[in-house]
Amino acid sequence: MSHDGDWIPDATDVAYIAGLGTPPNPALLAIEAAAEPLGIPIVDRESGRVLMALATGRRRIVEVGTAYGYSTLWMALGQPEDGTIVTIDPDSERTALARGWWRQAGIPDARITVVSRPALDALDDDEPALEGPFDFAFIDALKHEYGAYVEALVPRLTDGALIVADNVLWSGQASGSRPAVRGDRMLEAIRRFNASVLADPRFNATILPVGDGLLVAGMRE
C-alpha cells in the first residue's frame, strides 16, 4: 500500500469530505448558530459526522456532557428508530433548550432521557436511568474526570461497546504540535487519560485526528 508520508490532511480535504455528505439537519444548524456567539462548547461538525456514523446500529447510548445537545442529536440521527440515549448534564437550562432542538429534528422525547446531575454523582448513586447495559458511550465533560467516567461506565457496557471521548488532542497541545500552556492541569489529565486507555488491555483503542481529537475504544469481548 502506497502513502505519501509527507502529506497531512488539511482544510481542503475537510471541505472535500463535507461536500460529499448530505447537508446537516436544520436543527443542527440552529444549535451551531446559538452556541457560537455564547461560546457554548459543542463538538465540531466533522466530529458530529463521525459520531453519527459510529452510532449506526447502536441502540442504547450514554453520553456524559450534553450542553446544547449537539452531539446528542448527531448520535440520535445515526441510531435506529428504536434507539435511545441517556445524557448527563447538571445544567437544566441548557438541556431544556436542547430538548427543543431535538424535537425540531423530529426525535421523540421518549428516545432521549436527561439526567440533570453531575455525572460522577449520578453514576456513583446508581441512578436508575444509568443502569445499562449500553453499547456506546460518548464523553465530553470535565476533562480531569475522564478516567473516572470510564471506570464508572465500563460495568454498564456490553461486550463490543464503543467508548468515544472528545478533546483528547487539546488543540495540538497533547502531542506537542503546539506549545503547551504552562500549568494546564486539564492538559496533563488528558495526556494521562490517553496513555491509560490506549495501554488498557480491556480496549482496542486509537485516536482519530478529527476536530479536537476523538479517542475511540472498543470493549474487548
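The values are calculated or read from the model by the stated rules, or taken from the named source; none is laboratory data. Quick caveat, the model's predicted, so the values are computed rather than measured. Positions of Cβ are generated from backbone atoms using ideal geometry, with glycine treated the same way; all protein chains shown enter the neighbour counts. Only protein heavy atoms, including side chains, enter the accessible area calculation; ligands, DNA and RNA are left aside. Shrake-Rupley method; radii C 1.70, N 1.55, O 1.52, S 1.80 Å.
Observations on the structure shown:
- In the chain, taking the dipole from charged Cβ atoms about the Cα centre, the farthest positive-side position among Q173, S116, L198 is held by Q173.
- Positive minus negative residues near N204 (Lys, Arg vs Asp, Glu; Cβ under 13 Å): -1
- Summing Lys and Arg as +1 and Asp and Glu as -1 over all other residues whose Cβ lies under 10 Å from the Cβ of G78 gives a net charge of +2.
- Mean ellipticity per residue at 222 nm, deg cm²/dmol - from DSSP H runs of n ≥ 4 across the chain, formula -39500 (n - 2.57): -11500 deg cm²/dmol
- Sorted on the mean count of surrounding Cβ atoms within 10 Å across their residues, most packed first, peptides 177-188, 53-64 read 53-64, 177-188.
- Surface analysis of the chain yields an accessible area of 51 Å² per residue, using protein heavy atoms and a 1.4 Å probe.
- Charge dipole of the stretch 14-171 (Cα centre as origin; +1 on each Lys and Arg Cβ, -1 on each Asp and Glu Cβ, all else neutral): 560 debye, rounded to the nearest 20.
- In plain terms, if you count all Cα to Cα distances in the stretch 31-142 and split them into 10 Å steps from zero, the share in each step is 15, 52, 31, 3 percent.
- Computed over the stretch 1-154: relative contact order in percent, which uses C-alpha pairs under 8 Å that are six or more apart: 23 percent
- Modelled FRET efficiency - R0 30 Å, A33 with S175, Cβ distances, 0.05 increments: 0.45
- Hydrodynamic radius by Kirkwood, which averages 1/r over all alpha carbon pairs of the chain, in angstrom: 18.0 Å
- Carbon + sulfur, % of accessible area of the stretch 45-165 - ligands and nucleic acids excluded, 1.4 Å: 50 percent
- Taking label positions 7 Å along the Cα-Cβ direction at both D91 and D121, the computed distance is 1.6 nm, reported to one decimal.
- Using a Förster distance of 22 Å, the FRET efficiency for S196-I8 (Cβ separation, nearest 0.05): 0.25
- Here the contact order of the stretch 77-198, divided by its residue count and restricted to Cα pairs under 8 Å and six or more residues apart, works out to 20 percent.
- Whole-angstrom gap from the stretch 126-184 to the stretch 41-75, using each part's C-alpha centre: 13 Å
- Where D159, D6 fall by accessible area, highest first, once all protein chains stay in place (1.4 Å): D6, D159
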